[in-house]
Every structure is written in C-alpha cells, then in structure tokens.
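Notes to accompany the following structure.
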Amino acid sequence: MMKIRTLIVDDEAPARNELAYLLTSFPDIECREAGTARQALELIRNDSPDLVFLDIQMPGRDGFDVLREARCLPDPPLFVFVTAYDQYAIRAFEKNAVDYLLKPLTSERLKVSVERVRDLLGGREPGADPQPELNTLLAARPESAPLPRLTVERNGRLQLIDYEDIVYFELVERKIVVNTFDGSFPCHGLATLDDLEARVGGAPFLRINRSAVVNLNRVKEFSPWTGGKYNLILDDDGSTELTLSRGRVKDFKQRLGL
C-alpha cells in the first residue's frame with residue numbers, strides 16, 4: 001500500500017490532535033504536524049509531503065500564505081482545507097474544486113476526503129499540478145492583502161512582528177510588554193489587556209491572570225499550585241514561569257482539550 005505522507009497544519013494543538021487521531025483509521029496515512037505557517041513551510045520544503053490538511057485561520061501568516069508559497073515549489077502537495085469559515089466562504093471553496101473539512105470534524109466526512117485524495121494522487125502524473133484551480137482562489141486574495149501583525153517599539157522605531165513569534169504578553173507599569181524569543185518590547189497602539197484580548201480573539205492566546213496573556217502554543221508544561229492555581233512553564237530560553245489564576249483554569253483546560 002502506497003503511503004501518503006501527510007502534514008497537519010493548525011495553530012490549535014487540540015485541533016491537530018483530533019485530526020491526527022481520526023487519521024489513525026487510515027493505515028496509508030503517515031502524519032506530521034505544524035503549529036505555525038513558518039513550521040509548515042519548512043516541513044513542506046524539506047519533506048515534500050503528498051498531502052497537507054491546512055487550517056486557514058491562523059494568527060500572523062495564515063493558511064493562504066502557506067498555500068501561496070508552497071505552490072511555487074517544483075512538486076507542491078495536495079491541499080485540503082480545514083476551516084471554521086461560514087457557508088458563504090465554503091461555497092467559494094466548492095466553486096474552485098478545493099476539498100475542505102468543516103470544523104468540528106466528523107469521521108464520515110474525513111473518509112470522503114481521504115478517498116478523494118487517494119484518487120487524485122493515484123492518477124497524478126509526475127510534475128503535474130493536482131490542483132490547478134487553486135490559482136483562481138489565490139487570485140481572489142491579492143498578494144498585497146495586509147498581514148495581521150502586531151506593532152512594537154524597538155530601538156526607538158516601530159516594528160511589525162508576527163503573532164506566532166510572541167511567547168506571552170505582560171502588563172508592566174500600566175504598559176503592555178510583548179515577550180518574544182528575541183527580547184521584550186513595549187506594545188504600540190494597545191493600552192490595556194482588554195484591548196489586547198479583543199485584538200487576539202480566536203488566536204491561540206489566553207488571559208491567564210490580571211497581568212498576563214500567554215501563547216498556548218508556548219506552554220511546555222504545567223502543574224497544580226496553591227489555592228487552586230496552576231504554574232505554567234513556557235518554552236522560551238529562560239523557561240519562564242507564569243501563574244494561571246484559579247478562575248482561568250477551566251478556560252485553560254478547555255482550550256487544551258483536557
């Protein structure tokens with residue numbers, strides 16, 4: 001049986017885990033995962049997967065950016081969208097002959113998608129584009145579309161950074177500080193954590209206490225602490241420790257699928 005090398009791209013770890021689990025029902029599917037557009041493009045370039053299950057709505061560079069760059073490669077993979085878009089957007093995908101999975105996923109719908117993928121890959125000629133109709137979809141979203149990035153103050157200048165590069169936000173002396181792998185910088189244009197929560201709604205960020213918002217993809221481990229609180233350890237160079245307040249524990253576990 002021909003193995004289908006598959007990449008799951010989604011910024012939400014529970015969503016990746018769910019799809020990976022459902023795909024265990026298909027013995028010809030071999031899975032890898034990526035949580036950001038940057039990781040996805042690196043794996044696509046280096047590993048040349050046959051199939052990519054691609055989430056569209058991701059902070060920073062989104063699924064369309066992955067699609068656009070990956071399709072410039074000599075042998076692009078087959079793409080199946082995994083989306084929470086509304087019915088109008090889904091009709092646009094259908095019109096362009098793009099297969100899609102609507103969240104929440106079902107095993108029945110996934111089976112249909114995998115069977116279609118098998119047919120497309122089985123009849124694919126070497127060097128042929130399995131989804132030429134994707135060019136129409138990409139053309140409807142111009143290259144000049146602005147990327148949703150965050151503005152910070154760095155060395156006296158304003159700089160745009162991708163959300164995927166952010167480890168956590170913290171409130172320091174009434175100013176929001178953005179902590180990344182490259183350092184800590186004052187946030188420009190957002191005055192309160194309430195404003196910040198409104199900006200990053202739907203992204204993998206969670207308010208964990210009065211003064212911190214964390215990127216859930218950067219939580220390395222966590223453990224119970226005193227008074228119903230939890231201690232979070234992040235995956236930055238300093239293994240930063242933050243406190244998850246008791247009132248936020250339920251939301252935290254739900255976001256992680258626990």
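Tell me which residues, restricted to region 155-184, are open to solvent by 90 Å² or more (accessible area, probe 1.4 Å) and over 20 Å from Ala37 (Cα atoms).
Asn155, Arg157, Leu158, Glu173, Arg174, Lys175
Within region 33-51, is even one residue farther than 16 Å from Leu101 by Cβ, in contact with a Gly (Cβ under 8 Å, 6 or more places away or on another chain) and outside any helix (DSSP H, G or I)?
From region 33-51, those farther than 16 Å from Leu101 by Cβ are 34-50; that's our starting set.
Filter again for in contact with a Gly (Cβ under 8 Å, 6 or more places away or on another chain), leaving 36-37.
Next, from what is left, pick out any that are outside any helix (DSSP H, G or I): 36.
So far as region 33-51 goes, yes, one or more of its residues are farther than 16 Å from Leu101 by Cβ, in contact with a Gly (Cβ under 8 Å, 6 or more places away or on another chain) and outside any helix (DSSP H, G or I).
Within the bounds of region 8-31, is there any residue that is in contact with a Pro (Cβ under 7 Å, 6 or more places away or on another chain) and modelled with pLDDT of 95 or more?
The initial filter retains those residues of region 8-31 that are in contact with a Pro (Cβ under 7 Å, 6 or more places away or on another chain), namely 11-12.
Still in the running and modelled with pLDDT of 95 or more: none.
No, region 8-31 has no match at all.
Is it the case that some residue within region 38-48 is open to solvent by less than 10 Å² (accessible area, probe 1.4 Å) and in contact (Cβ under 8 Å) with a residue 60 or more places away in the chain? It would help to see each step written out before you state the result.
First, the residues of region 38-48 that are open to solvent by less than 10 Å² (accessible area, probe 1.4 Å): 40-41, 44.
Pick out the ones that are also in contact (Cβ under 8 Å) with a residue 60 or more places away in the chain and you get none.
No; the residues of region 38-48 include none that is open to solvent by less than 10 Å² (accessible area, probe 1.4 Å) and in contact (Cβ under 8 Å) with a residue 60 or more places away in the chain.
Do we find a residue being modelled with pLDDT under 90 and buried (at least 16 other Cβ atoms within 10 Å of the Cβ) anywhere in region 231-239?
Checking region 231-239: not a single residue is modelled with pLDDT under 90 and buried (at least 16 other Cβ atoms within 10 Å of the Cβ).
For region 89-97, check the following and say yes or no: at least one residue is part of a strand (DSSP E or B), at pLDDT below 90 and farther than 21 Å from Pro204 by Cβ.
Of all residues in region 89-97, those part of a strand (DSSP E or B) come to none.
The answer is no; no qualifying residue exists.
Quick check, is Leu190 open to solvent by 60 Å² or more (accessible area, probe 1.4 Å) and either out of contact with any Gly (no Cβ under 9 Å at 6 or more places or on another chain) or of a type in the set (A, V, I, L, M) (or both)? Please lay out each step first, then the result.
Details: open to solvent by 60 Å² or more (accessible area, probe 1.4 Å): no; either out of contact with any Gly (no Cβ under 9 Å at 6 or more places or on another chain) or of a type in the set (A, V, I, L, M) (or both): yes.
When the stated conditions are applied, Leu190 does not pass them.
Residue-by-condition table, conditions (1) in contact with a Pro (Cβ under 9 Å, 6 or more places away or on another chain); (2) of a type in the set (D, E, K, R):
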residue: Lys220; (1), (2): no, yes
residue: Thr226; (1), (2): no, no
residue: Tyr230; (1), (2): yes, no
residue: Asp236; (1), (2): no, yes
residue: Gly247; (1), (2): no, no
residue: Lys253; (1), (2): no, yes
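What number of residues within region 128-187 satisfy the criterion of being assigned to a strand (DSSP E or B), under 24 Å from the mean Cα position of the chain (by Cα), modelled with pLDDT of 85 or more and of a type outside the set (Gly, Ala, Ser)? Don't jump to the end; show me each part of the working.
Applying the first criterion (assigned to a strand (DSSP E or B)) to region 128-187 yields 150-154, 157-161, 166-172, 175-180, 183-187.
Among the residues that remain, those that are also under 24 Å from the mean Cα position of the chain (by Cα) are: 150-152, 159-161, 166-170, 176-180, 183-185, 187.
Still in the list and also modelled with pLDDT of 85 or more: 151-152, 159-161, 166-170, 176-180, 183-185, 187.
Restricting the remaining residues to those that are of a type outside the set (Gly, Ala, Ser) gives 151-152, 159-161, 166-170, 176-180, 185, 187.
Number of matching residues: 17.
This table checks each residue for (1) hydrophobic (A, V, I, L, M, F, W, C); (2) within 24 Å of Gly257 (Cβ to Cβ).
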| site | (1), (2) |
| --- | --- |
| Glu170 | no, no |
| Ile176 | yes, no |
| Asp182 | no, no |
| Phe185 | yes, no |
| Thr192 | no, no |
| Glu197 | no, yes |
| Phe205 | yes, yes |
| Ile208 | yes, yes |
| Ala212 | yes, yes |
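Considering each of Thr240, Thr192, Thr226 in turn, give the residue that is touching a residue at least 60 places away in the same chain (Cβ under 8 Å) and β-branched (Val, Ile, Thr).
Working: Thr192 fails: touching a residue at least 60 places away in the same chain (Cβ under 8 Å); Thr226 fails: touching a residue at least 60 places away in the same chain (Cβ under 8 Å).
None of the others qualify; the one that does is Thr240.
Could you say which residue among Arg210, Arg218 is among the charged types (D, E, K, R) and open to solvent by 50 Å² or more (accessible area, probe 1.4 Å)?
Working: Arg218 fails: open to solvent by 50 Å² or more (accessible area, probe 1.4 Å).
After applying the criteria, what remains is Arg210.
Any residue at all in region 212-234 that's aliphatic (A, V, I, L, M) and assigned to a loop (DSSP other than H, G, I, E, B)? Walk me through how you get there before you give the answer.
Going through region 212-234, the residues aliphatic (A, V, I, L, M) turn out to be 212-214, 216, 219, 232-234.
Filter once more, so that each one left must be assigned to a loop (DSSP other than H, G, I, E, B): none.
No: zero hits.
Could you check region 13-25 and list, in sequence order, the residues that are of a type in the set (Asp, Glu) and either open to solvent by less than 40 Å² (accessible area, probe 1.4 Å) or without any contact (Cβ under 8 Å) to a residue 24 or more places away in the chain (or both)? It would help to see each step written out before you state the result.
As a first pass, look at region 13-25 and keep what is of a type in the set (Asp, Glu): 18.
Listed by number, the list is empty, since nothing qualifies.
The values are calculated or read from the model by the stated rules, or taken from the named source; none is laboratory data. None of the values given here were measured: they were computed from a predicted structure. So basically every Cβ, Gly included, is an ideal-geometry build from the backbone, and we count neighbours across all protein chains shown. The accessibility values were calculated without ligands, DNA or RNA, using every heavy atom of the protein model including side chains. Shrake-Rupley method; radii C 1.70, N 1.55, O 1.52, S 1.80 Å.
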